[in-house]
Amino acid sequence: MNPSLKKSSPDPRKKMLVSALFGAVAGAFGVTLLLRWTDAAKTGDSAVILSGVGLAYLAMGLMVGLGTLMPRAGSKVLNVEDSDELVESRGALLGSSLANVVLGAMMIVLANSGTGGAISVEIAVASVLAALAVAGFLTVKSWKYQDELMRQVSLEGASVAGALVVVTLLVWSAFAMNGIGPAFDAKLVVALVMGMTLVGAFVATGARGMLKPR
């Protein structure tokens, strides 16, 4: 192997550490902004949980989106081989990251709506309809940019997420109707569905060995 090529290859462990630190700092900053500039904390624990899930979507979408637009810098943080991979996958990555940003913003809006919330019913409902329409459009449009493996991973992730949601809701319902668990809360249900969707995507990606540091 050419020594110069070996030397120029980034250390996957170092890149993973940089990415984790960057994510931690961005997460702490985002949580601080949410608690200071929104009414989620005043609205209740379920609003804080929903805001947290929304923040995760928002941060992930921004991180991947900005990294894709700036491939040289993005390749040093994102789990890719090099900047060329980001350039080649730009269509699919930008579509999915923008969809995540939109869905994350929607959840933060919902967390600050309802009883005691600062956002009106009209804005909350409009944000949901608009976010679903935009995310759906972006998902369909980015589908053509995905290769067969990525399409399969997307379908597997959706299947895992659906199974997790069904199992969790069944157990939650059984506990709630017998008075040994918390009653259903609309914000927690939204957080559950969206959170499990994220978990499903990671499980499917990990099962394919695509989370291995590169």
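Applying the condition of being without any contact (Cβ under 8 Å) to a residue 40 or more places away in the chain and closer than 21 Å to MET210 by Cβ to the stretch 72-89 and asking which residue is most open to solvent (accessible area, probe 1.4 Å) yields GLU88.
Taking the conditions (1) in a helix (DSSP H, G or I); (2) surrounded by fewer than 14 Cβ atoms within 10 Å (Cβ to Cβ) in turn, SER97 satisfies each one other than (2). When the stretch 192-204 is limited to residues that are touching a helix residue (DSSP H, G or I) at 6+ places or on another chain (Cβ under 6 Å) and more than 16 Å from LEU169 (Cα to Cα), the one that is most open to solvent (accessible area, probe 1.4 Å) turns out to be VAL203. Of all residues in the stretch 125-160, those satisfying the criterion of being under 20 Å from the mean Cα position of the chain (by Cα) and farther than 17 Å from SER96 by Cα are SER127, VAL128, LEU129, SER159, VAL160.
Residues that are basic (Lys, Arg) and in a helix (DSSP H, G or I) were ranked within the stretch 45-93; the one that is nearest to the chain's Cα centre (by Cα) is ARG90.
Within the stretch 111-170, the set of residues being among the small types (Gly, Ala, Ser), assigned to a loop (DSSP other than H, G, I, E, B) and in contact (Cβ under 8 Å) with a residue 60 or more places away in the chain comprises GLY114, GLY116, GLY117, ALA118. TYR57 falls short on exactly one of the conditions (1) at pLDDT 90 or above; (2) open to solvent by 30 Å² or more (accessible area, probe 1.4 Å), and that condition is (2).
On the given criteria, is SER113 over 20 Å from the mean Cα position of the chain (by Cα), within 26 Å of ALA130 (Cα to Cα) and at pLDDT 85 or above? Yes.
The values are calculated or read from the model by the stated rules, or taken from the named source; none is laboratory data. Just so you know, these numbers come straight off a predicted model, no measurement behind them. For neighbour counting, all protein chains shown are included, and Cβ atoms are generated from backbone atoms with ideal geometry for every residue, glycine included. To get the accessible areas, we keep the full protein, side chains included, count just its heavy atoms, and leave off ligands, DNA and RNA. Shrake-Rupley method; radii C 1.70, N 1.55, O 1.52, S 1.80 Å.
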